[in-house]
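The structure under discussion appears below in the form of structure tokens.
The values are calculated or read from the model by the stated rules, or taken from the named source; none is laboratory data. Since the model is a prediction, treat every value here as computed from it, not as a measurement. Cβ: placed from backbone, ideal geometry, glycine included. Neighbour counts: every protein chain shown. Surface areas here come from the heavy atoms of the whole protein model, side chains and all, with no ligands, DNA or RNA. Shrake-Rupley method; radii C 1.70, N 1.55, O 1.52, S 1.80 Å.
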Amino acid sequence: MFISHKSKSNTTSGWVNGFLGVLIFSGSLPATKVAIMDFDPIFLTVARASIAGLLAIIILFVFKEKRPVSSQLFSLFIVAIGVVVGFPLLTALALQHVTSAHSIVFLGLLPLTTAIFGVWRGGERPRPAFWVFSVIGSLLVIGFAFLQGVSASLTGDVLMLAAVLVCGLGYAEGAKLSRILGGWQVICWALLISLPAMLIMTFLFMPISFANVGVPAWISLAYVSLFSMLIGFIFWYRGLVQGGIAAVGQLQLLQPFFGLALSTSLLGEPVNLLMVAVTIGVIFCVAGSRKFAIKKI
């Protein structure tokens, strides 16, 4: 099979951009865990979306981007529901019941959900062996959740599973639309669509006083607003477009590894051998799934 130099270069750029996106997203759950210690989860969700949305307006105005056509609004709405509102809110609620270290392992399911939605919404067709590696990685995560069932929270696990599903849909839909609008344009327009409702809810759920909010919570709010909600998506959607939704999406298997490192180093949360074993297992699945991500022609 002949592969042009341009195609190889584009694929490599996709993996680099995707890796940077995953690296940025890895700090999201630990930062959210810190933030909800002082902020209500709903307020945190709408505040981070509002801050990112206001920045998105500035970016779109500076670069004088054309408005999306009516046929693209449905896709933008799905992106907004999935990654602007759904994932942040569900994870914030889940982190009231489980540690960030526990919740991070569930992110190992994101590559599979992203790939499934990529096939459904993006028209990609990975090879059969790809699904084998993806399922193995996902089963490792599910097995971990069941083994931890005695000491963990069923509510937290269900919320994390729901978060992974809506996030996978948002990732796949955003990547599909990014082929036409561009990566940063998609997240900016999705944030803009969400902004009116997010601003109203920010004022409705705003605490009476911020006197008890510590510096770590403010820093965490800034991180999830700027990096998790905006900057990370610029790299992530670009990577998914350049390298393929299913292929580059497997990089998310690395996110638990980075996230666990942050949880134990910054938050002092316990990371047991089972967590490490599961994380290593899903990381090994990256190599296999990457190799068989796209059908050869």
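Of all residues in the stretch 205-227, those satisfying the criterion of being open to solvent by less than 50 Å² (accessible area, probe 1.4 Å) and modelled with pLDDT of 95 or more are V213, G214, A217, S220, L221, A222, V224, S225. The sole residue among F117, F130, F144, F106 that is buried (at least 17 other Cβ atoms within 10 Å of the Cβ) and over 26 Å from S28 (Cα atoms) is F130.
Conditions tested, residue by residue: (1) modelled with pLDDT of 90 or more; (2) within 20 Å of L230 (Cβ to Cβ); (3) of a type outside the set (K, R).
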position	(1), (2), (3)
I3	no, no, yes
T11	no, no, yes
F19	yes, yes, yes
L23	yes, yes, yes
A47	yes, yes, yes
A52	yes, yes, yes
I59	yes, yes, yes
V69	yes, no, yes
L76	yes, yes, yes
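Evaluate the stretch 232-255: report whether one residue or more is open to solvent by 50 Å² or more (accessible area, probe 1.4 Å), over 19 Å from V34 (Cα atoms) and aliphatic (A, V, I, L, M). Taking every residue of the stretch 232-255 in turn, at least one turns out to be open to solvent by 50 Å² or more (accessible area, probe 1.4 Å), over 19 Å from V34 (Cα atoms) and aliphatic (A, V, I, L, M).
All conditions in (1) farther than 27 Å from V79 by Cα; (2) outside any loop (DSSP other than H, G, I, E, B); (3) without any contact (Cβ under 8 Å) to a residue 60 or more places away in the chain; (4) not aromatic (F, W, Y) hold for L204, with the sole exception of (1). Taken over the stretch 158-174, the criterion of being within 12 Å of S103 (Cα to Cα) and either open to solvent by less than 20 Å² (accessible area, probe 1.4 Å) or modelled with pLDDT under 85 (or both) is satisfied by M160, A163, V164.
With the structure loaded, tell me whether G232 is within 19 Å of G118 (Cα to Cα) and in contact (Cβ under 8 Å) with a residue 60 or more places away in the chain or whether it fails that test. Full working, then the answer.
Working: within 19 Å of G118 (Cα to Cα): no; in contact (Cβ under 8 Å) with a residue 60 or more places away in the chain: yes.
Taking the combined requirement at face value, the residue does not satisfy it.
Out of L60, L95, one residue alone is aliphatic (A, V, I, L, M), closer than 23 Å to F235 by Cβ and open to solvent by less than 50 Å² (accessible area, probe 1.4 Å). It is L60. Each residue in the stretch 186-237 was checked for being under 30 Å from V16 (Cβ atoms), in contact with a Phe, Trp or Tyr (Cβ under 9 Å, 6 or more places away or on another chain) and among the aromatic types (F, W, Y), and 5 pass.
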